Amino acid sequence: MRSEPLQIEAGLRWYALRSKVNRERDVERRLIDLGLEVFLPWMRARRRIGSRFHWILAPLFPGYVFCRLDMIISGKAARYSPGVKDFLTFGARVAEVGEDIIQTLRERCPGGIAQIDPVNVKTGDTVRINEGPFSGLEAVFEQLLKGSERVAVLLEILGRQTRLVLPSETIVKA
């Protein structure tokens, strides 16, 4: 099987580099050490560690790091950096990421951390609880609490509505 050589163009452009599993931060550091402009957006995620849930930072695009470089000058150094698998390609063409896309991502990621609203419901909407002792039950959404990490819902228990405060990730719109 004969493979075509990659088609590259001169000039500073944004590219997506595929990284090895959980090596995004190492790739980011290495590319910065090479003097390249790098963008690695993060998001807050809730993960189970042991028997408890903890907030952690996880890459917004797992396995990818955005880098602005000139392929002719720095392409080889970036491609063969430790932790890098390769550039994102489509056939024999290295995929470019538009400047407007990177700018939009930066606007939505103040401090490099994406601001994602996990709850897309309004007061009075019916939601389903998907975690904990009330898993599977339906409740009425009351309000989003401080920091949008917790929500208040009203659950029908013994003929009356009882207010519950839950982590925002534990509910979904019914």
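The values are calculated or read from the model by the stated rules, or taken from the named source; none is laboratory data. Since the model is a prediction, treat every value here as computed from it, not as a measurement. Counting neighbours? That spans all protein chains shown, and the Cβs are built from the backbone with ideal geometry, glycine included. Please note that ligands, DNA and RNA were not included when accessible areas were found on the heavy atoms of the full protein model with its side chains. Shrake-Rupley method; radii C 1.70, N 1.55, O 1.52, S 1.80 Å.
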Considering only the range 26-43, I want to know if a residue exists there that is on the phi < 0 side of the Ramachandran plot, part of a strand (DSSP E or B) and touching a Pro at 6+ places or on another chain (Cβ under 7 Å). yes
Given the residues Arg52, Arg25, which is the only one that is out of contact with any strand residue (DSSP E or B) (no Cβ under 6 Å at 6 or more places or on another chain), modelled with pLDDT under 95 and open to solvent by 60 Å² or more (accessible area, probe 1.4 Å)? Arg52
Please return the ranges of strands (runs of 3 or more DSSP E) entirely within the range 52-145 where 3 or more residues are over 17 Å from the mean Cα position of the chain (by Cα). 64-70, 84-87, 126-129, 138-144
Of the listed residues (Gly136, Gly83, Gly91), the one being modelled with pLDDT under 90 and not acidic (Asp, Glu) is Gly91
Is there any pair with a first residue in the range 89-103 that is within 16 Å of Asp70 (Cα to Cα) and a second that is at pLDDT below 90 and surrounded by 13 or more Cβ atoms within 10 Å (Cβ to Cβ) whose Cβ atoms are under 6 Å apart and which are 6 or more apart or on different chains, and what are they? Val94/Leu6; Val94/Ile8
Looking at the structure I just gave you, is Arg44 under 20 Å from Cys109 (Cα atoms) and in contact with an Asp or Glu (Cβ under 9 Å, 6 or more places away or on another chain)? yes
Check off (1) without any contact (Cβ under 8 Å) to a residue 40 or more places away in the chain; (2) open to solvent by 70 Å² or more (accessible area, probe 1.4 Å); (3) under 30 Å from Asn130 (Cβ atoms) for Ala45 and give me the number that stays unchecked. (2)
Flagged in the range 79-93 as surrounded by 12 or more Cβ atoms within 10 Å (Cβ to Cβ) and out of contact with any helix residue (DSSP H, G or I) (no Cβ under 7 Å at 6 or more places or on another chain), in numbering order, are Arg79, Lys85, Leu88, Thr89, Arg93
Taking only the range 146-169 into account, find how many residues are at pLDDT below 85 and open to solvent by less than 30 Å² (accessible area, probe 1.4 Å). 1
